[in-house]
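Novice: Sharing a structure with you now.
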Amino acid sequence: MTASLPYDPQRLARCADEIIVNVRELAERGWTPATSSNFSCRMDATNVAITVSGRDKGRLVAADIMVVDVGGNPVATTQKSSAETLLHTQLYKRFPEIGCVLHTHSVNQTVASRLYAAKGAIRLEGYELLKAFAGNTTHDTLLDLPVLPNTQDMPELASKVEALLDGGPMWGYLIEGHGLYAWGRDMAEARRHLEAFEFLLACELEMRRLGASSN
Ligand SMILES: CSCCC(=O)C(=O)COP(=O)(O)O
Ligand SMILES: [Zn+2]
């Protein structure tokens with residue numbers, strides 16, 4: 001902490017490095033097209049490092065990561081944080097154990113979100129990869145990945161997410177025609193959850209193509 005900044009700049013630098021390295025790999029897989037997607041890491045009890053709105057997420061540099069407080073307000077900067085900042089900060093505010101939030105726009109996430117929007121969720125059941133989610137120890141379980149309607153009204157979307165969170169522990173949700181939010185206690189866990197959701201959605205879409213889906 002310095003006298004002029006209400007956060008530790010070295011902590012911001014470490015968070016920015018972690019976001020840049022990981023997001024470059026996600027972008028190489030085509031999960032962040034056309035400047036889409038946004039990413040954040042908790043810095044401390046009140047501050048969050050988050051991507052600046054509109055930046056090419058495959059080419060992030062340190063200047064593309066800024067600080068907001070857990071209320072979503074910019075901290076010591078005039079930069080504009082992600083248009084979806086509220087969807088990140090609501091998680092940090094409510095769950096002190098959450099350390100990282102990742103949002104991507106892969107083809108599988110986007111197509112699945114449209115196919116299952118009317119149902120409101122995609123049931124993921126019987127997959128070994130369900131053990132990738134914190135707390136799961138067996139394939140013999142099920143996880144309903146919620147699908148929320150898309151809107152540009154972030155407070156409205158955030159209030160729908162709050163209602164989902166009231167229902168118990170969860171590690172992600174889809175937004176219709178938009179993409180996936182996933183989170184974890186740190187970058188490694190959030191990324192594991194994100195990759196597991198992506199893989200399981202790809203499996204469900206392939207099962208549908210083969211006419212073998214019970215979903
Ligand atoms: C061209 S992407 C549309 C906005 C969006 O969904 C997104 O994830 C990126 O928004 P941001 O403000 O975080 O750059
Ligand atoms: Zn988005």
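Each value in this text was obtained by applying a stated rule to the coordinates, not by laboratory testing. Note that this is a predicted model, so its numbers are computed, not measured. For neighbour counting, all protein chains shown are included, and Cβ atoms are generated from backbone atoms with ideal geometry for every residue, glycine included.
Novice: If I stretch the segment between Asp153 and Leu165 completely, what's the gain in nm (0.36 nm per residue apart, minus their alpha carbon distance), one decimal?
Specialist: Extra length available between Asp153 and Leu165 comes to 2.5 nm.
Novice: Sort out the exposed loop trypsin sites (Lys or Arg not before Pro) in the chain (DSSP loop, at most 12 other Cβ within 10 Å) and tell me the longest stretch that has none.
Specialist: 120-215
Novice: Sorted by packing (mean other beta-carbon atoms within 10 Å per residue), highest first, where do 65-73, 102-110 land?
Specialist: 102-110, 65-73
Novice: Here's another thing I want to ask about it. Mind checking which aspartates and glutamates have their Cα closer than 13 Å to the Cα of Lys93? Skip sequence neighbours fewer than 8 apart in that chain.
Specialist: Asp44, Asp69, Glu162
Novice: Related question: At 25 °C and 0.890 mPa s, grab the translational diffusion coefficient of the range 110-215 from Stokes-Einstein with a Kirkwood Rh over Cα pairs, rounded to a whole number in µm² per second.
Specialist: 172 µm²/s
Novice: Shifting gears a bit: Please check: in the Gaussian network model of the chain (C-alpha springs, under 10 Å), which one of Ser37, Ser82, Ser159 has the largest mean-square fluctuation.
Specialist: Ser159
Novice: So what is the relative contact order of the range 9-209, in percent, for Cα pairs below 8 Å that sit 6 or more residues apart?
Specialist: In percent, rounded to a whole number, it is 19.
Novice: Considering only Leu124, Ala134, Thr151, whose Cα is most displaced toward the positive end of the charge dipole of the range 9-209, charges sitting on Cβ of Lys, Arg (+1) and Asp, Glu (-1)?
Specialist: Thr151
Novice: Apply the a/c threshold of 1.5 to the C-alpha gyration tensor of the chain and tell me whether it is rounded, prolate or oblate.
Specialist: It is prolate, given that a/c is not under 1.5 and a/b is the larger ratio.
Novice: Here's a follow-up. For Lys119, give me every one of the aspartates and glutamates with a C-alpha distance below 18 angstrom, ignoring sequence neighbours fewer than eight places off in its own chain.
Specialist: Here the aspartates and glutamates satisfying the reach criterion relative to Lys119 are Asp144, Glu176, Glu204.
Novice: Between the alpha-carbon centers of the range 115-130 and the range 7-27, tell me the distance in whole angstrom.
Specialist: Between the Cα centres of the range 115-130 and the range 7-27 lies a distance of 31 Å.
Novice: With unit charges on the beta carbons (Lys and Arg positive, Asp and Glu negative) and the dipole taken about the Cα centre of the range 9-209, which residue among Leu164, Leu60, Ile175 sits farthest to the positive side?
Specialist: Going by the charge dipole, the pick is Leu60.
Novice: Then there's this: Under unit Cβ charges (Lys, Arg +1; Asp, Glu -1), what dipole magnitude, rounded to 20 debye, does the chain have relative to its Cα centre?
Specialist: The calculation lands at about 280 debye.
Novice: For Lys57, go through the lysines and keep the ones whose alpha-carbon is under 19 Å away, minus same-chain ones fewer than eight residues off.
Specialist: Lys80
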